[in-house]
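Visitor: The structure's right below; bear with me while I get my questions together.
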Amino acid sequence: MAGRQGPALQTPEERLGGEVQRSAKGDCLKGEYLGGGMGLLSLPFLAAAALRDQCRR
């Protein structure tokens, strides 16, 4: 469509894939969070991930 502005339309499969990717959460007990793997320095990052509900339960 010539002159169309805004985001491109997505197929249902593309929308589903994008939503699944956005909803993915790491397992914080295995260190799958931002800042994981830094030893004791990881504790504030673990707390922040838990408070933001970014950990899988």
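The values are calculated or read from the model by the stated rules, or taken from the named source; none is laboratory data. All values derive from a computational prediction rather than experimental measurement. Backbone-built Cβ (ideal geometry, glycine too); neighbour counts: all protein chains shown.
Visitor: Which residue is farthest from the chain's Cα centre (by Cα), if the candidates are limited to the range 43-57 and must be hydrophobic (A, V, I, L, M, F, W, C) and part of a helix (DSSP H, G or I)? Let's see the steps before the verdict.
Guide: Filtering the range 43-57 for residues hydrophobic (A, V, I, L, M, F, W, C) gives 43, 45-51, 55.
Next, only the ones that are part of a helix (DSSP H, G or I) stay: 43, 45-51.
Working: L43: 19, F45: 15, L46: 15, A47: 16, A48: 14, A49: 11, A50: 13, L51: 14 Å.
Selected residue: L43.
Visitor: Consider L40 carefully, then state whether it is at pLDDT 80 or above, over 16 Å from the mean Cα position of the chain (by Cα) and among the hydrophobic types (A, V, I, L, M, F, W, C).
Guide: Values: at pLDDT 80 or above: yes; over 16 Å from the mean Cα position of the chain (by Cα): yes; among the hydrophobic types (A, V, I, L, M, F, W, C): yes.
So L40 passes the test.
Visitor: I need the full set of residues from the range 7-30 which are in a loop (DSSP other than H, G, I, E, B) and at pLDDT 85 or above, in order please.
Guide: Taking the range 7-30 first, the residues in a loop (DSSP other than H, G, I, E, B) are 7-11, 24-25, 27.
T11, the sole residue that qualifies.
Visitor: Right, another one. For the range 31-39, check the following and say yes or no: at least one residue is in a helix (DSSP H, G or I), surrounded by 11 or more Cβ atoms within 10 Å (Cβ to Cβ) and either at positive phi or not aliphatic (A, V, I, L, M) (or both).
Guide: Of the range 31-39, the ones in a helix (DSSP H, G or I) are 39.
Applying the additional criterion that residues be surrounded by 11 or more Cβ atoms within 10 Å (Cβ to Cβ) yields none.
No, that holds for no residue.
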